[in-house]
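I have placed the structure first, in the form of structure tokens, so that the comments after it can refer back to it.
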Amino acid sequence: HSAYKCPLTVPDLHTFQLRTPSASSTAIPSVESFSYGGTKGPNDLLYRTLVGKTCDPKRLRKMALHLGDPEYSLSMFFEDACTTFPELELFTVVQNLATSSGLSGEVEYQRTIGALFAVYWLARLEIDGKEGFCYGCDRDWLSHTAAPAGEAKTLRTKRRAFHHDMKWVYFEKVFKDAIEDKVERLEAMLCLTAFHDIMKMPPLCPEVLDETGSYEGYAVGSIINDHDLALAYVLEFYPELLPSYMILPKASQELILFSQGKLHFNHGWFVQAEAPPGPMLSKFREALCHSSGADLAFYFLHWLTDLSGAEGRPLAGAEKFVLLFPRSVLLAFLWSIPFLQQLTTHTETEVFERYLVARYQEALPTEAMPIGQETVAILRLIVMAQDGCGSVLGAFYKLPSNMQGVLIEELARTGLPHQQYKFSPQFGGPAMFVYYGPALLQSCSREEEMEEALRFLAAVYYAARQLWPIADDAADSFVTLEAGWVKANAANIVSKKIDLNGQLIIVERRSANEGVVRGATGAVCNGLMTSNCAFRAVDVNTPWLMAMGANRSDFCVGD
């Protein structure tokens, strides 16, 4: 290990941050002098900062091979990273400018180093990785073996609990599935982590050039401000601009490009059973058609390491997960990944139904799973409720039969024309889902509150169905009901303490595929009627008609 170099500075244990990259011998251009486009690619500043810079493939290979070596310290890894990845200098160029995340380039650099450290720790969980991930490191760059003594007691308790209670086998499986014991894939992960967030800095975002044509909805001449798509554009058409990407073999480049493409996937929807399989998984499955389960694991490993460093204090461990992220949610995310890998061989509905059954069996191991028309509705409600799942069964069976019926029908529509659940098949569409519906159920602490939450959810679905009637030819469509208002008022809704101050709760139709659930005054409702905007009142207490398809006239105009 004599070739390894120690860092030039010791860790700053006050801020838990590190020095920014040293200025190179080549003058770094002024950010004020940059221009988009030109003969050197889609961004002049990006070109001029990295022109002539190289990534040493031998040093990169050494980093990857020695991550599991007990003698390869964090300080050695940090020095190798600073020396190997010239893209880190980009954070110096825009060090004090706000990025698309609202943070400075300096903070984004710290977050990037934190993500690299997370790769280091996850690669050596059996050595000192668990301790580094949970506790961070000391002045000598050694992982703390316990929570730092100078920290607040509540934080030390959280760190100890994460270290002791975390199911580390989930992390191990994601890492193993993603890397497959192939050094090339580990090199790809290191390179991606180093340059993934550079496009959060607006002066580096590319202009779409004539020679490539429009890109993912961005017209020629426009600036790609979505940082993932901006990076994907450069990787796909101008890979020579990023030295750490250029040295990788083609298979590794394709793997990185896959991970940066828009997979149209909201992991939270899946984990919480928030949405039907159509809108949730169909585009995601389509994106996986030319990839493997290992590629998907690579995508998730990158998500994990990227979020691990999000607090921008790399020396303090993976604080985002250890201190701030609900552990039950993290476990659910990790637990769900093997099911998503099945999308390469099974339909969206099959994968989702398997996931729902497995989650039910894990959440309520002593409760027999209901088998009948209500099965899918109950499975989804159990998963949506998360830690409050124990009160769902009792609350559901206390509901009036018409409310049960609404939930049974609406929660079992797939949004896919030729796919139905094995349990509780439903036909026609559009399928609907309440965005933030899980937040309503998760606000419940007693069965009585869960019953009220289910009554409210059924009333929302019932009102929405009057605005989007069932049609046989709409089985492949879906409606998103944005319910931020419900999330904000969830605790008062389930406790029946909400003060509407003369307002109605309405479902408003915004388009063929979008609606919103919100409070509205009489004046607002009158304005909607004047504008011929369709809406329905959410009515929890008045008995409904028994048939879903019957007409109602209250507070509704238009189609």
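Remarks
- Count of the range 407-417 residues which are surrounded by fewer than 23 Cβ atoms within 10 Å (Cβ to Cβ) and part of a helix (DSSP H, G or I): 2
- Filtering L142, L155, L116, L65 for residues that are among the aliphatic types (A, V, I, L, M) and open to solvent by less than 10 Å² (accessible area, probe 1.4 Å) leaves a single hit, L116.
- Among the residues of the range 229-246, some residue qualifies, meaning at least one is under 30 Å from A431 (Cα atoms) and either among the hydrophobic types (A, V, I, L, M, F, W, C) or without any contact (Cβ under 8 Å) to a residue 40 or more places away in the chain (or both).
Every residue, every condition in (1) more than 28 Å from A439 (Cα to Cα); (2) under 14 Å from the mean Cα position of the chain (by Cα), yes or no:
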{"position": "I247", "(1), (2)": "yes, no"}
{"position": "L257", "(1), (2)": "yes, no"}
{"position": "Q260", "(1), (2)": "yes, yes"}
{"position": "W269", "(1), (2)": "no, yes"}
{"position": "E274", "(1), (2)": "no, yes"}
{"position": "F284", "(1), (2)": "no, yes"}
{"position": "C289", "(1), (2)": "yes, no"}
{"position": "D295", "(1), (2)": "yes, no"}
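- In the range 367-389 there is at least one residue matching the filter, namely being under 25 Å from the mean Cα position of the chain (by Cα), β-branched (V, I, T), open to solvent by less than 30 Å² (accessible area, probe 1.4 Å) and within 30 Å of A118 (Cβ to Cβ).
- Among residues of the range 493-514 that are more than 19 Å from E482 (Cα to Cα), those with a Cβ under 6 angstrom from a residue that is not basic (K, R), sequence gap 6+ or separate chain, pair up as I498/N489; I498/N492.
- Residue ID - modelled with the highest pLDDT, chosen from residues in the range 110-144 that are hydroxyl-bearing (S, T, Y) and under 15 Å from L190 (Cα atoms): Y120
- Hits in the range 202-243 (condition: of a type in the set (F, W, Y) and open to solvent by 10 Å² or more (accessible area, probe 1.4 Å)): Y215, Y218, F237, Y238
- Looking only at residues in the range 427-447 that are over 22 Å from the mean Cα position of the chain (by Cα) and buried (at least 20 other Cβ atoms within 10 Å of the Cβ), the one that is farthest from G484 (Cα to Cα) is G429.
- Against the test of being acidic (D, E), in contact (Cβ under 8 Å) with a residue 12 or more places away in the chain and open to solvent by less than 10 Å² (accessible area, probe 1.4 Å), the options D56, D80 yield a single qualifying residue, D80.
- Residue match in the range 315-322 (condition: more than 30 Å from A123 (Cβ to Cβ), buried (at least 17 other Cβ atoms within 10 Å of the Cβ) and at pLDDT 95 or above): no
- When K167 is tested against (1) over 19 Å from the mean Cα position of the chain (by Cα); (2) crowded, with 22+ Cβ neighbours inside 10 Å, exactly one condition is not met: (2).
- Residues in the range 107-153 that are touching a strand residue (DSSP E or B) at 6+ places or on another chain (Cβ under 7 Å) and aromatic (F, W, Y): 1 in all.
- Extreme residue, nearest to A512 (Cα to Cα), among residues of the range 436-467 that are of a type in the set (K, R) and assigned to a helix (DSSP H, G or I): R465
- Selection from the range 298-341 of residues that are closer than 13 Å to V174 by Cα and part of a loop (DSSP other than H, G, I, E, B): none
- The residues of the range 126-139 that are part of a helix (DSSP H, G or I) and open to solvent by less than 10 Å² (accessible area, probe 1.4 Å), listed by number, are G129, G132, F133, C134.
- Selection from the range 250-286 of residues that are over 17 Å from L416 (Cβ atoms), in contact (Cβ under 8 Å) with a residue 24 or more places away in the chain and open to solvent by 60 Å² or more (accessible area, probe 1.4 Å): A251, K262
The values are calculated or read from the model by the stated rules, or taken from the named source; none is laboratory data. As the structure is a computational prediction, the values presented were derived from the model and not from experiment. Note that we place each Cβ from the backbone using ideal geometry, even for glycine, and neighbour counts take in every protein chain shown. Each accessible area value is taken on the protein alone, full model and side chains, heavy atoms only, with ligands, DNA and RNA left out. Shrake-Rupley method; radii C 1.70, N 1.55, O 1.52, S 1.80 Å.
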